[in-house]
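Report on the structure given below.
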Amino acid sequence: MCFPSSFKFGASTSSYQIEGSWNVSDKAPSIWDHFTHTQPHKIEDYSNGDVACDSYNQYLKDIEMADHLGLDYYRFSISWPRLLPEGFCTKISKDGKQYYDNLINGLLKKGVQPLVTLYHWDLPQKLQDLGGWANPEMSEWFADYADVVFSLYGDRVKLWITINEPVLICDFTYNSGPHAPGIDEPELGPYLCTKTVLMAHAKAYHIYNKKYKPLYKGKVSIANNIVYFGAKTDDDKEITDLCNQYSYGRYLHPVYSKTGGWPPSLVMFMNKISAEGGHPRSRLPSLSKREIELIRGTYDFFGLNYYTSRLVRKARAYETSEKTPGKVSELRAIYEHYPNSTEGYPETFSSYPEGLRNTINWVRKNYGEQNIIITENGYSSFEDDLNDYKRIAYIEKHLEQILLSIHEDGAKIFGYCYWSLMDNFEWTSGYTPKFGLYKVDFTDKNRKRTPRISSQYYSHVIKSRSIDSKQFKSKSEDTL
Ligand code: GBH
């Protein structure tokens, strides 16, 4: 089995995780700058992204790595407070603009297409002070920002992701608060945020569609993280479906379904728990007809981030389900790792490659045939070994599932981006987990990058369009 000749390979990063230079020139602080500086204990190793991979200064090396791997796409994100230091489009930073110009031009010179994310979680702190994603006005400010970005780079960037992983933005923030800005307001927070994020995405999509698509003919979508949920027993099918609708349908149904709007089973569930809690109306904000129509169909492709899967079962009477992100305790569900999955690091990242194919089929079943790109998938380890055979096995197994999806199931998948091009700041886990095809030496002033064996394997995959990893395996290693 081989990849079709039109299939694209890429690697991904994001601004806060790699750029550093958090306060150079006129850059304003983002919520992650503020969060890591004011609450360092929320990061496992008390670290932050002040320097990170120093990509603001070392971006030529990043371009070189992308070129060396033979990537079709390099997926990176733009830092909103670097480009618009006032948060609003009242001022465009000259240096910020120049940085992304240099990066984009440098990639294109090497034949690497930029795949650009507008928002990968580094909100201007100033807008957070005005309520952040819980404030409906945010959708307007995001649309203004998107308009600026499209106008500056639309002539050269043909693939856009508006927002990376809304479920992380809304649920990891408000539904227990591990991520910046760290607000634990599970009653209303996640739901207000969900609506605003969807409105923001939709407005940006329409701006591109009307103003820029006729000129530049690019494509715009959103990237969603899906943890595949399988029912533990037949008895658990109903709760599993509700978990899916709660965690992912909430973000997908309004955009990708034929009818638009919230998933009906989620509306019923939210009505029920809101009434039980004494709320005079549903905690899930309503969507007007106009809003439903504004959001519906705002995609040119389907961006999927996939890492791991869970088995779902009903909680027993004495069990309380975890109040972890995307898993509101009111669902009364218990999430278990697949027994035949391989242990991950951090442990939430257990590897279950079949889950990727299952996710793709779940998406197609629920929302019809889609043009799918895997915008993220990756393996992290504790060791920063250059002989990362387990990463090779992870990539091989997941690419195998993509090949099965394409050839056996008939899915339309046009690309795969590995997370990540290089080791970087892994949010609340700091610098300990290593996701990179390239190792980064965080003790070196210049953040020296060194290729791991997985980078050789990946460029072999890209060249040969097949996944066989035999020549890269160490005999002693177990495969994943
Ligand atoms: C992505 O998020 C991010 O886009 C990227 O910035 C990040 O570096 C990368 O992944 C690696 O983390 O605890 O049950 O939800 C992925 C979000 C969060 C998905 C943890 C898997 C574990 C299962 N991930 N989650 S659960």
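Observations on the structure shown:
- Kirkwood Rh and Cα Rg combined as Rg/Rh, the stretch 400-442: 1.22
- Note on F76, F150, F349: ascending count of other Cβ atoms within 10 Å places them as F349, F150, F76, the fewest first.
- On full extension, the segment bounded by Q456 and Y318 gains 44.6 nm, given 0.36 nm per residue less the C-alpha separation.
- Taken over the stretch 10-136, the convex hull of the Cα atoms encloses 113 Å³ per residue.
- For the stretch 139-240, the fraction of C-alpha pairs farther apart than 21 angstrom is 49 percent.
- Dividing the helix sum by the residues of the chain, where each DSSP H run of 4 or more adds -39500 (n - 2.57), gives a mean residue ellipticity at 222 nm of -11000 deg cm²/dmol.
- FRET efficiency for the D26 to S6 pair, using the beta carbon distance and R₀ = 45 Å, is estimated at 0.60.
- Listed values for the stretch 40-45 are Karplus-derived 3J(HN,Hα) couplings in whole Hz (6.51 cos²θ - 1.76 cosθ + 1.60, θ = phi - 60°), namely x, 5, 6, 9, 3, 9, and x replaces Gly and Pro.
- Using a cut-off of 22 Å between Cα atoms, the listed pairs K94/K445; K94/K213; K61/K97; K61/K109 include K94/K445; K94/K213 as exceeding that distance.
- Partner lysines for K397 [C-alpha distance under 16 Å; skip if fewer than 8 residues away on the same chain]: K470, K473
- Cys residues of the chain that find no other Cys beta carbon under 4.7 Å: C2, C53, C89, C243, C417.
- The string of couplings for the stretch 270-281 from the Karplus curve (6.51, -1.76, 1.60, θ = phi - 60°) is 5, 4, 5, 6, 5, 5, 4, x, x, 6, x, 8 Hz, one whole number per residue in order, with x for Gly and Pro.
- Highest average packing first - 24-31, 120-127, Cβ atoms within 10 Å: 120-127, 24-31
- Cβ crowding within 10 Å, taken as a proxy for footprinting-reagent exposure, orders H253, H337 from fewest neighbours to most as H337, H253.
- Nonlocal amide H pairs with L123, under 5 Å, H built at 1.01 Å: I31, W32
- Applying 0.36 nm per residue to the separation of D441 and N102 and subtracting their alpha-carbon distance, the gain on full extension is 119.6 nm.
- Taking amide H as placed 1.01 Å from N in the peptide plane, I372 has its amide H under 5 Å from the amide H of F302, K412, I413, F414, each at least 5 places away in sequence or on another chain.
- Shape analysis of the stretch 189-284 places it in the oblate category; the axes a ≥ b ≥ c from the Cα gyration tensor give an a/c of at least 1.5, with a/b not above b/c.
- Given K110/K219; K8/K203; K237/K272; K158/K210, the pairs whose alpha carbons are separated by over 25 Å: K8/K203
- Sorting the segments 288-300, 380-392 by their mean number of nearby beta carbons within 10 angstrom, highest to lowest, gives 380-392, 288-300.
- Per-residue ³J(HN,Hα) for the stretch 356-366, Karplus 6.51 cos²θ - 1.76 cosθ + 1.60, θ = phi - 60°, Hz, x for Gly and Pro: 5, 5, 4, 4, 4, 5, 4, 4, 5, 5, 7
- At R0 = 30 Å, FRET efficiency that the Cβ-Cβ distance of M268 and D235 yields, to 0.05: 0.90
- Here R281, R313 are placed in order of increasing Cβ neighbour count within 10 Å, fewest first, which gives R281, R313.
- Shape call, the chain: gyration tensor on alpha carbons, a/c limit 1.5: rounded
- Of all DSSP bridge pairs formed entirely within the chain, close to 25 percent run antiparallel.
- Charge context of S350, other residues only, Cβ under 12 angstrom, K/R +1, D/E -1: -2
- With the simple spin-label model, which puts each label point 7 Å out from Cα in the Cβ direction, the E137 to T348 separation comes to 3.2 nm.
- Protection-proxy order for peptides 172-185, 260-273, each taking the mean of Cβ atoms within 10 Å per residue, highest first: 172-185, 260-273
- Subset of K232/K314; K439/K463; K27/K91; K390/K412 violating a 19 Å alpha-carbon distance limit: K439/K463; K390/K412
- Backbone N under 13 Å from the E187 label point (7 Å along Cα→Cβ), restricted to the stretch 244-283: 274-283
Bear in mind these aren't lab numbers, they're just calculated from the coordinates by the rules spelled out. Keep in mind it's a predicted model, so treat the numbers as computed, not measured. With ideal geometry, Cβ positions are generated from the backbone for all residues, glycine too; neighbour counts draw on all protein chains shown.
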